[in-house]
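Heads up: the structure comes next, in structure tokens.
The values are calculated or read from the model by the stated rules, or taken from the named source; none is laboratory data. Values in this document were obtained by computation on a predicted structure and should not be read as measured data. Cβ atoms come from the backbone with ideal geometry, glycine included; neighbour counts cover every protein chain shown. Just so you know, the surface numbers come from the protein's heavy atoms only, side chains and all, with ligands and any DNA or RNA stripped out. Shrake-Rupley method; radii C 1.70, N 1.55, O 1.52, S 1.80 Å.
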Amino acid sequence: MKIIKNGTLVTSSKVFKSDILIENEKIKAIGMDFNEDGCEVIDAKGCLVFPAAVDVHTHFDLDVGNGVRSVDDFTQGSISAACGGVCTIVDHMAFGPKGCDLTHQPAVYHEMTKDKTYIDYSFHGTIQHVNDTILEQMQDLVDMGISSFKLYTTYGFKLNEKEILKVLRRARELGVTITVHCEDDDMVSYAKDELIKNNQILPKYHPESRPDLCEEAAVQNLISLSKLVDGSKLYVVHLSTKGGLEALKKERLNQNKNIHVETCSQYLVFDDSCYKNDNALKYTMSPPLRKKADIEALWEGIRDGFVDVIATDHCPFNLAIEKQRGKESFLKCPGGAPGVEERFSVVYTEGVAKGRISLEKFVEVMCENPARIFGAKNKGALIPGYDADIVIYDPKEKHILKHKNLHGNVDYSLYDGFEIQGEIKKVFLRGEMIVKNNQFLRKSPSGKFIHRVTKN
Ligand SMILES: [Zn+2]
């Protein structure tokens with residue numbers, strides 16, 4: 001047994017001094033004056049004790065075609081995540097071969113992850129075309145513990161509205177959540193064509209190829225579709241715009257509790273002025289970075305409970321290698337940026353330390369909501385019976401975030417040089433200390449596939 005002693009616990013409802021008793025990978029009890037006989041005691045004096053974070057939007061080892069893959073595989077990616085206070089990820093799987101069964105990618109991903117992953121993990125199913133077999137097979141994935149699916153309104157495997165409606169109807173039957181990448185493909189395509197026509201294809205033009213209205217329009221449309229299939233559970237991934245948020249807010253105020261909203265740490269920190277410098281390729285991601293007003297609107301949305309989750313969309317490509325494909329044309333640049341290791345301390349700094357959100361809200365959007373919405377039972381909260389996934393954070397320490405101190409494979413960090421308030425001291429996965437003072441301790445992978453449930 002272990003006792004984490006003298007710390008200040010943070011939950012989504014309160015911040016209080018207490019100790020935690022850990023037994024058999026679980027939180028056994030929360031309280032004071034535990035009998036210490038035979039226990040290992042960990043002193044958390046002066047520190048905050050959080051549930052470990054849950055990142056429900058990563059792309060480890062993502063095959064984007066043309067021989068390019070995101071550069072963190074599940075081994076290095078999970079080590080990096082752990083060092084960033086994350087003990088659970090739900091990865092968005094890559095598209096499979098055209099026309100493949102829904103069960104194709106889970107098999108590929110189990111192969112990529114089994115005995116290779118250091119933290120607990122699951123996958124979102126990927127729906128890249130729709131027919132009766134695919135709709136039928138959604139049940140098979142639920143039986144495997146995959147209780148959410150992703151669909152796209154843009155890119156090569158986008159679904160049309162009729163297909164989305166069929167998926168929503170099936171999802172409602174199964175009680176699963178459909179996550180959606182919202183950008184209107186026709187609008188994006190039009191904007192791109194205009195840029196190409198004017199020969200404006202250098203990396204700095206990337207954000208102009210995906211204006212904020214593309215997101216807002218797709219969000220609006222999705223809301224309409226969801227009304228046709230009333231009661232289906234939806235989740236908008238990586239929301240980046242004030243306009244999209246306004247539409248979703250209105251819906252939530254109309255008592256629609258079936259649409260959840262995620263944003264990502266980069267959309268809370270950087271604006272589109274980043275594309276003006278020489279390193280525009282670093283920030284080439286979809287959706288692109290927006291305006292300062294969008295950033296503040298998103299923070300306000302988090303504070304007011306309209307944004308449920310902060311994730312990362314971690315999708316790393318080396319600046320010196322893969323990203324260079326886009327040097328002459330953003331159209332050729334693999335989209336995505338790293339962030340799984342930085343999210344905890346960056347959101348703490350920008351959110352909590354700067355007074356934008358409370359500690360309780362931090363736990364809600366980083367740990368508890370993502371676990372609950374996606375049915376990762378016993379994750380994301382400091383509650384007896386839950387997995388003892390815990391982060392001990394010293395809020396007093398200040399340090400400069402340096403790329404060289406991170407653990408992923410990618411050659412840059414968006415947050416390099418950021419002044420960080422506080423520091424992750426220790427991370428526990430199911431009761432076992434796996435990180436201490438930025439050192440990763442485990443020698444062999446012990447991450448487990450999480451069988452997620454449909455109720456939330
Ligand atoms: Zn993504």
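When only Cα pairs under 8 Å and 6 or more residues apart are kept, what is the percent relative contact order across the chain? Rounded, it is 22 percent for the chain.
In this structure the amide hydrogen of VAL86, modeled in the peptide plane, comes within under 5 Å of the amide hydrogens of ALA53, none closer than 5 places in sequence on its chain. Against the chain, whose longest principal axis is taken from its Cα atoms, helix 185-197 shows a tilt of about 70°. Shape class for the chain: prolate, because the ratio a/c of the largest to smallest gyration tensor axis (alpha-carbon atoms, square roots of eigenvalues) is 1.5 or more and a/b beats b/c. Computed with a 1.4 Å probe over protein heavy atoms only, the accessible surface of the range 319-418 comes to 37 Å² per residue.
For the range 437-452, 3J(HN,Hα) computed residue by residue from phi via the Karplus equation (6.51, -1.76, 1.60; θ = phi - 60°) reads 6, 6, 9, 8, 9, 6, 9, 9, x, 10, x, 10, 5, 9, 7, 8 Hz, glycine and proline entered as x. For the range 1-87, trypsin sites (Lys or Arg not before Pro) meeting the loop criterion (DSSP other than H, G, I, E, B) and having at most 15 other Cβ atoms within 10 Å: LYS14, LYS45.
Once both labels are positioned 7 Å from their Cα atoms along Cα-to-Cβ, the gap between LYS292 and ASP411 label points is 3.3 nm. The fraction of accessible area contributed by carbon and sulfur in the range 66-189 is 46 percent, rounded to a whole number (1.4 Å probe; ligands and nucleic acids excluded). Between the helical axis of 104-113 and the longest alpha-carbon principal axis of the chain there is an angle of about 40 degrees.
Under the convention that each Lys and Arg Cβ holds +1 and each Asp and Glu Cβ holds -1, the size of the dipole of the range 205-332 around its Cα centre is about 140 debye. Within the chain, antiparallel bridges make up roughly 45 percent of the DSSP beta bridges whose residues both belong there. Ranked from largest, the principal axis spans of the Cα set of the range 225-363 equal 47, 39, 24 Å. Seen against the Cα atoms of the chain and their longest principal axis, helix 212-228 is set at about 80 degrees. Within the shell of other residues whose beta carbon sits under 13 angstrom from the beta carbon of ILE310, the net charge comes to -4, with Lys and Arg scored +1 and Asp and Glu -1.
Close amide H partners of HIS238, meaning residues 5 or more places away or on another chain with modelled amide H under 5 Å apart, are GLU262. Extension gain for ASP43 to PHE157 (0.36 nm times residue separation, less C-alpha to C-alpha distance): 35.9 nm. In the chain, with Lys and Arg counted as +1 and Asp and Glu as -1 at Cβ, which of these residues, MET32, TYR267, ALA53, has the Cα nearest the positive end of the dipole, that is, farthest along it? Of the candidates, MET32 comes out farthest on the positive side. Please label the shape of the range 71-202 as rounded, prolate or oblate, based on the square roots a ≥ b ≥ c of the eigenvalues of the alpha-carbon gyration tensor (a/c under 1.5 means rounded; beyond that, a/b larger than b/c means prolate, else oblate). Since a/c reaches 1.5 but b/c is at least a/b, the shape of the range 71-202 is classed as oblate.
The simple spin-label model puts a point 7 Å past each Cα toward its Cβ; for SER358 and GLU23 those points are separated by 3.3 nm. Of the peptides 384-393, 77-86, 229-238, the order by per-residue mean of other Cβ atoms within 10 Å, starting with the highest, comes out as 77-86, 384-393, 229-238. Each semi-axis of the equivalent ellipsoid for the range 355-394 is √(5λ) with λ an eigenvalue of the Cα gyration tensor; in descending order they amount to 19, 14, 7 Å. For the range 240-320, trypsin sites (Lys or Arg not before Pro) are listed when DSSP marks them as loop and at most 11 other Cβ atoms sit within 10 Å of their Cβ; the list is LYS257.
Modelled label positions at LEU253 and LYS332, each set 7 Å beyond Cα in the direction of Cβ, lie 4.8 nm from each other.
Expressed as a whole percent, the accessible area of the range 297-446 that falls on carbon and sulfur atoms is 47 (1.4 Å probe). Rounded to 0.05, the FRET efficiency of the ASN35 and ASP271 pair, given R0 = 41 Å and the Cβ-Cβ distance, is 0.15.
Translational diffusion coefficient of the range 367-456 (Stokes-Einstein, Kirkwood radius from Cα pairs, 4 °C, 1.567 mPa s): 85 µm²/s.
Computed from backbone phi with θ = phi - 60° and the Karplus coefficients 6.51, -1.76 and 1.60, the 3J(HN,Hα) list for the range 370-382 is x, 5, 5, 4, 9, x, 7, 4, 6, 10, x, 8, 8 Hz; x is used for glycine and proline. When the Cα gyration tensor is reduced to axis lengths a ≥ b ≥ c, the ratio a/c is 1.5 or higher for the range 174-235, and with a/b above b/c it is classed as prolate. Restriction of the trypsin sites (Lys or Arg not before Pro) in the range 394-456 to DSSP coil positions whose beta-carbon has at most 14 other beta-carbons within 10 angstrom yields LYS402, LYS443, LYS455.
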